[in-house]
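Quick one: this structure, given as C-alpha cells, is what I'll be asking you about.
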Amino acid sequence: MGLIDLRSDTVTKPTEEMRQAMYKAEVGDDVYRDDPTVNRLEELVAREMGKEAALFVASGTMANQVAVMTHTQRGDEIILGEKSHIYINEVGGIAYLAGVQTALVTEIDGVMDAGAVEGKIRSENIHFPETSLICVENTHNKAGGRVIPLEAMKSIHDVGLRHGVPVHLDGARIYNAAAYLGVEAKEIARYCDTVNVCLSKGLCAPVGSVLAGSSEFVERARKYRKMLGGGMRQAGIIAAAGIIAVEKMSKRLSKDHENAFALANGLNSLEGVSVDIDKVQTNLIMVDFAGTGLNGVQVAERLKANRILINGSSESVVRFAVHYYIGEDEIQRTIQMVSRVIKE
Ligand code: TLP
C-alpha cells in the first residue's frame, strides 16, 4: 500500500511531464535576465494575473516578504488578517526584514470586513505610523481553504483606493479560488495591486512562486529579491515546471475540490468526527476529532502507523489537504482507516 500524504498540497512531486520539461529547459543567467524559460514564466503569470510584470522567486514566503519590503518603509504599519499566513507562518519576517508593525483584523471564514480594514487605516498625526499596505489571503489557509468572495475583495480594494493604500494578495492558492468561483484568476487579482502565486502547492511544481504587479513595482522588487539571496542563475530548470503548473495543472483543481468534498462527507459520517460540510470549498478541509476524545497528535500517530500522514497538533481540529496524488482510492482508504483508528 502506498503512502497517503495529506499533510499539505506542498508535498506534491513534479509530474513526469514537468520532469521532461525541466530536463530540456533552455536556460541562461537570470540575474542578467538571460534565462528564456524564466522570462516566459514571468510573462505568462503577469498575463494570467492581468498585471504588467512578474518576478520568479524561490517560495511563497519569499514572494510575500519581497512584496511587503517593496511596498513599505521601515516603521510603517500594515493591515492584515490575524490568521493570515504572512502574520502567523512567515517567521516574523515582516518585522525582521521589512521592519513594519501590524494592525490585525479578525477574519470570519477568512474574510476581513472592509469596514474593519478601513477602521485600521491611520490618519495623519505626528504620533502615528504610516499605513502602507493591506494584505489579503485567497484562498485562506487557516480558514480551511475558504474562498474570499469577489465582492469582499472589491470592498477591501476600494478601501485601499480611497486611502491610497495598495493591496497585496497572498494568492498562494489563487487558482483554487478561481476554480471554485468559476472565473479566471485575473478576475480575482484585479482587486489587488500585487499578487503572490505559488507554483509548488496544488499545482505540483517542485519549487517557486511568482510575484506579479506593475512594471515599476517588479523592478524594485527584483532588487529586494537579490538582497535576500534570491537572484537565481539557470533557474529555467525549475521555471519549466512552473509553466506546466500554470498552463495545465491550474485547470484540473476542481477534481481536487470534488475529492476533498467526498473526504469531508466520509469523515463527517464517522462517530465522533465532524466536518462543517458547508464550509468545504476547495482542497483543504478542517476535521474535528473532539467527539472521539483524541487530539490531533494522537490521530496523526495512529494514522501514521497505517501509512497515512496528517499534521496533527494538540488541538482536536486537523487540516487534511487533498491534491493531485490523492484520488478516489486514497479518499476511501483514508475514511476506512480513520474509522478504524478512532476506535482503537
Ligand atoms: N503554506 C504551508 C505552510 O507554510 C503552512 C502549507 O502547508 O499550507 N501563503 C499561504 C497562504 C500558504 O499556505 C503558504 C504555505 C505560503 C504562503 C508560503 O509558501 P512557501 O511554503 O512556498 O514559502
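The values are calculated or read from the model by the stated rules, or taken from the named source; none is laboratory data. What you see is a predicted model; the values in this text were computed from it and never measured. Heads up, the Cβs are rebuilt from the backbone with ideal geometry, glycines too, and the neighbour counts pull from every protein chain shown. SASA here: full protein model, heavy atoms, side chains in, ligands and nucleic acids out. Shrake-Rupley method; radii C 1.70, N 1.55, O 1.52, S 1.80 Å.
Being touching a residue at least 40 places away in the same chain (Cβ under 8 Å), in contact with a Phe, Trp or Tyr (Cβ under 7 Å, 6 or more places away or on another chain), in a helix (DSSP H, G or I) and over 18 Å from Ser254 (Cβ atoms) narrows it down to one residue among Val338, Val299; which is it?
On the way: Val338 fails: in contact with a Phe, Trp or Tyr (Cβ under 7 Å, 6 or more places away or on another chain).
Matching residue, one of Val338, Val299: Val299.
Among the residues of segment 235-250, is any within 20 Å of Ser84 (Cβ to Cβ) and buried (at least 23 other Cβ atoms within 10 Å of the Cβ)? So that I can check it myself, show each step before the final result.
Taking segment 235-250 as the starting set, the residues that turn out to be within 20 Å of Ser84 (Cβ to Cβ) are none.
No, segment 235-250 contains no residue that is within 20 Å of Ser84 (Cβ to Cβ) and buried (at least 23 other Cβ atoms within 10 Å of the Cβ).
Just give me the residues in segment 1-15 being within 15 Å of the ligand (Cβ to nearest atom), part of a loop (DSSP other than H, G, I, E, B) and either of a type in the set (S, T, N, Q) or open to solvent by less than 20 Å² (accessible area, probe 1.4 Å) (or both), in sequence order.
Listed by number, the residues that qualify are Leu6, Ser8, Thr12.
Among Ala46, Ala58, which is the only one that is out of contact with any helix residue (DSSP H, G or I) (no Cβ under 7 Å at 6 or more places or on another chain), of a type in the set (A, V, I, L, M, F, W, C) and away from the ligand (no atom under 12 Å from the Cβ)? Quick ask: steps written out before the conclusion?
Values: Ala58 fails: away from the ligand (no atom under 12 Å from the Cβ).
Result: Ala46 is the single residue among Ala46, Ala58 that is out of contact with any helix residue (DSSP H, G or I) (no Cβ under 7 Å at 6 or more places or on another chain), of a type in the set (A, V, I, L, M, F, W, C) and away from the ligand (no atom under 12 Å from the Cβ).
How many residues are within 30 Å of Gly171 (Cβ to Cβ) and open to solvent by 50 Å² or more (accessible area, probe 1.4 Å) if we restrict to segment 261-309? Quick ask: steps written out before the conclusion?
Applying the first criterion (within 30 Å of Gly171 (Cβ to Cβ)) to segment 261-309 yields 261-268, 274-288, 296, 300, 308-309.
Narrowing further to those that are open to solvent by 50 Å² or more (accessible area, probe 1.4 Å): 261, 265, 268, 274, 276, 278-279, 286.
Selection size over segment 261-309: 8.
For the list (1) more than 19 Å from Cys192 (Cα to Cα); (2) hydrophobic (A, V, I, L, M, F, W, C); (3) away from the ligand (no atom under 16 Å from the Cβ), I need the number of the one condition that Val91 fails.
Checking Val91 against (1) more than 19 Å from Cys192 (Cα to Cα); (2) hydrophobic (A, V, I, L, M, F, W, C); (3) away from the ligand (no atom under 16 Å from the Cβ), the one that fails is (3).
With respect to the numbered conditions (1) open to solvent by less than 60 Å² (accessible area, probe 1.4 Å); (2) within 19 Å of the chain's Cα centre (by Cα), which one is the sole condition not fulfilled by Thr37?
(2)
Still on this structure, please answer the following. With (1) within 16 Å of the ligand (Cβ to nearest atom); (2) over 21 Å from the mean Cα position of the chain (by Cα); (3) among the aromatic types (Phe, Trp, Tyr) as the list, and Tyr32 as the residue in question, which single condition is left unmet?
That leaves (1) as the condition not met.
Here's a follow-up. Only one of (1) open to solvent by less than 10 Å² (accessible area, probe 1.4 Å); (2) farther than 20 Å from Ala189 by Cα is not met by Ala46, so which one is it?
(2)
Shifting gears a bit: Only one of (1) assigned by TED's automatic domain parsing to the domain that holds Ala143; (2) open to solvent by less than 10 Å² (accessible area, probe 1.4 Å) fails for Ile326. Which number is that?
Answer for Ile326: the failing condition is (1).
Could you say which residue among Val31, Val38, Val66, Val27 is in the same structural domain as Gly230 (by TED's automatic domain parsing), of a type in the set (Val, Ile, Thr) and in a loop (DSSP other than H, G, I, E, B)? I'd like the intermediate steps shown before the answer.
Values: Val31 fails: in a loop (DSSP other than H, G, I, E, B); Val38 fails: in a loop (DSSP other than H, G, I, E, B); Val66 fails: in a loop (DSSP other than H, G, I, E, B).
When all the criteria are applied, what remains is Val27.
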